[in-house]
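Here's the structure we're looking at; comments come further down.
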């Protein structure tokens, strides 16, 4: 074992076995993973509440059923402004923008508890998703830049698994939604807890060494040109890569976002599940499904990002169609497979997308990919609403959209393999 590497902390193995076969990392890398995971825990908690409590929110704010998809589509556009934050992070640092985003989404999530109308609720949740998206993207960029080439996939997967614990916590608290004073509003208020941990993250989270080296070597230019330089690099240097990965993300999100948005609603309205049933599902099958995070990351380190992406992209639509067309004991099994495939795809694609571009505009590229995902994810809900009105079945509409994902593995073949290569070898500065 090299002098700068230390074994995995025993606490990680004991309390988080779902992280899988843990590589040896240095102390700085472990600290980065822990703090990025803590930030993303609160981010995922805030985002998960809308999906879990959608039926209760619909009743509480008197949202007509025919308008639900369109409000969801509007909220889904929230990550769009995050592109500005990721663009700024390539000029002013990943760390400070991540910290700002953590404070912002915690405050906005807590404020959602007091939303009197659907319009204010949607506006607050839109902004929550802006800063949640920025925090998640920047955390992923920091891990990709700091982790060794043989553990980058595992690092992104482990970070996603830690973030998923936030969704599990939301599911546990959701089981009490019908007995808790103020119901779903109380769950959103709990999101303010992120502010209590922001000071710890502020003191201990380091900036990435790659960004610091790039800043020292970059030519001095005006602040305006400095802010726009990453965007120019994204357009000029590797346009073919950008188009190919954007096309894959488009098919993945248009085909799958409606399925992931409506699964708790489907179980409650179509199969009569109670909130505590949903919580048990998240704690049981859901815990098994988040294994996909660490597994997909480690698998992509071994067999490659492209093969892993193609494997999960092929399985995802099959699980969607199965889940939305069965009943009884098959539901939790297919839901676990659906979530496993979704998370596995997200981990493999996010790692691949982060590695395809140079340090000078890696955050900008990640933000651009998030913009594509946001627009196409929102389009998924709009198309779902249109199909619902046309064919009269919300669940058949979900299955039809899922068929689009079957085209995505073909597009992955157009991308270069990045596993096991240094970032400078994959994408030299141009």
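Coordinate-derived values only; no laboratory data. Remember, predicted model here, so these are calculated numbers, not experimental data. For neighbour counting, all protein chains shown are included, and Cβ atoms are generated from backbone atoms with ideal geometry for every residue, glycine included.
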Against the longest principal axis of the chain, how steep is helix 94-111, in degrees 0 to 90 to the nearest 10, with axes from Cα atoms? 20 degrees
Hey, how many Å between the Cα centroid of the stretch 127-157 and the Cα centroid of the stretch 257-274? 29 Å
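Beyond 38 Å, what share of the Cα-Cα pairs of the stretch 24-426 is found? Please give it as a whole percent. Write out the running numbers ahead of the final one.
Numbers: 11650 of 81003 pairs.
Across the stretch 24-426, Cα pairs with separations above 38 Å total 14 percent.
Below 8 Å between Cα atoms, with a sequence gap of 6+, how large is the relative contact order for the chain in percent? Intermediate values should be presented prior to the final figure.
Details: 720 pairs, mean separation 110.9, N = 430.
This gives 26 percent for the chain.
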Compute the Cα gyration tensor for the stretch 290-335, then decide on rounded, prolate or oblate, letting a ≥ b ≥ c be the square roots of its eigenvalues: rounded whenever a/c is under 1.5, prolate when a/b is larger than b/c in the other cases, and oblate in all that remain. oblate
Just want the ordering: 363, 101, 346, from fewest to most Cβ atoms lying within 10 Å of their own Cβ. 346, 101, 363
Cα-based Rg and Dmax for the stretch 19-144, in Å, come out at 16.5, 53
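Given R₀ = 51 Å, FRET efficiency for residue 283-residue 203 by Cβ-Cβ distance, to 0.05?
Calculated value: 0.95.
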For the residue pair residue 24 and residue 117, what label-to-label distance in nm results when each label sits 7 Å from Cα along the Cα-to-beta-carbon direction? 6.2 nm
Estimated translational D of the stretch 76-151 in µm²/s (Stokes, Kirkwood radius over Cα pairs; 10 °C; 1.306 mPa s): 121 µm²/s
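Can you put 347, 141, 190 in order, fewest other beta carbons within 10 Å first?
Numbers: 347 32, 141 29, 190 19.
Exposure proxy ranking, most exposed first: 190, 141, 347.
To the nearest 0.05, what FRET efficiency results for residue 276 and residue 213 with a Förster distance of 51 Å applied to their C-beta separation? Please list the in-between numbers first.
On the way: r = 51 Å, r/R0 = 1.01.
My answer for the efficiency is 0.50.
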Note on the stretch 298-408: alpha-carbon gyration tensor, axes a ≥ b ≥ c; rule is a/c under 1.5 for rounded, else prolate if a/b larger than b/c, else oblate; result oblate
Pick out which of 135, 34, 62 has the largest mean-square fluctuation in a Gaussian network model of the chain, springs linking Cα atoms closer than 10 Å. 62
Run the helix sum for the chain: -39,500 (n - 2.57) per DSSP H stretch of 4+ residues, divided by residue count, reported at 222 nm to the nearest 500 deg cm²/dmol. -24500 deg cm²/dmol
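Using a Förster distance of 25 Å, how high is the FRET efficiency between residue 269 and residue 391, based on the Cβ-Cβ distance and rounded to 0.05?
Numbers: r = 17 Å, r/R0 = 0.68.
About 0.90, to the nearest 0.05.
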Of the residues 128, 118, 382, which exhibits the maximal mean-square fluctuation in a Gaussian network model of the chain defined by a 10 Å Cα contact cut-off? 118
Output the 0 to 90 degree angle, nearest 10, between the alpha-carbon long axis of helix 152-174 and the longest principal axis computed from the alpha carbons of the chain. 30 degrees
If you build the Cα gyration tensor of the stretch 80-122 and take the root of 5 times each eigenvalue, what three semi-axes come out, in whole angstrom, biggest first? 27, 12, 4
